[in-house]
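In what follows, a single structure is set out as structure tokens and then discussed.
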Amino acid sequence: MPAGDAERSWFPQMLTELKGTWNPQMSWEECADLCRKMTRFRESIWKERNIKPAKKWCPNCQGYHDSRPGPISIRSLLFALKKIKVIDNKELTDLDKSWKKYRKTSNLNAYGQPA
């Protein structure tokens with residue numbers, strides 16, 4: 001397993017899929033669905049490559065535990081779009097503001113689910 005795979009949120013093939021799937025007219029609900037799809041895609045990559053989770057130290061129990069990345073959030077999706085140059089800085093800022101406003105008015109969590 002290449003170094004860092006156990007802590008990687010976005011694999012190259014996920015970014016390729018994101019680039020082909022993204023549509024600027026997507027609703028926030030569709031973005032949340034895309035995040036869930038990307039999370040499942042990452043899990044399938046982990047399984048296919050037999051990637052073991054990184055171990056993290058817990059100061060409370062003084063032990064090491066498996067640590068998998070959490071689900072992909074909508075903000076993570078937006079930053080990934082910027083990373084692969086599908087959107088620019090201004091679009092990222094505009095989408096981020098729009099998402100924060102929509103999230104607050106709809107009482108949603110970072111993943112587009114009811115809070």
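Structure notes:
- Among the trypsin sites (Lys or Arg not before Pro) in region 23-99, those located in a DSSP loop and surrounded by at most 10 other Cβ atoms within 10 Å of their own Cβ are LYS85.
- Short to long, the 5 Å bins of the Cα pair-distance histogram for region 5-106 hold 2, 11, 21, 20, 16, 12, 10, 6, 2, 0 percent of all pairs.
- Lys, Arg +1 and Asp, Glu -1 on Cβ, resulting dipole of the chain about Cα centre, debye, nearest 20: 240 debye
- With the simple model of a label 7 Å out from the Cα in the direction of the Cβ, PHE79 to LYS19 spans 2.0 nm.
- For LEU108, nonlocal amide neighbours, meaning residues 5 or more places apart or on other chains whose placed amide H falls under 5 Å from its own, are ALA115.
- When the C-alpha to C-alpha distance is required to be over 22 Å, the pairs from LYS19/LYS101; LYS47/LYS82; LYS37/LYS83; LYS55/LYS85 that qualify are LYS19/LYS101; LYS47/LYS82; LYS55/LYS85.
- Separation of the GLU91 and CYS61 label points, Cα + 7 Å toward Cβ, nm: 4.4 nm
- Residue-span extension gain [LYS47 to ARG8] - 0.36 nm each, minus C-alpha spacing: 12.7 nm
Read the figures in this text as sums done on the coordinates, not as results from a lab. In this text, all values refer to a predicted model and were calculated from it rather than measured experimentally. Here Cβ is always computed from backbone atoms with ideal geometry, including for glycine, and neighbour counts include all displayed protein chains.
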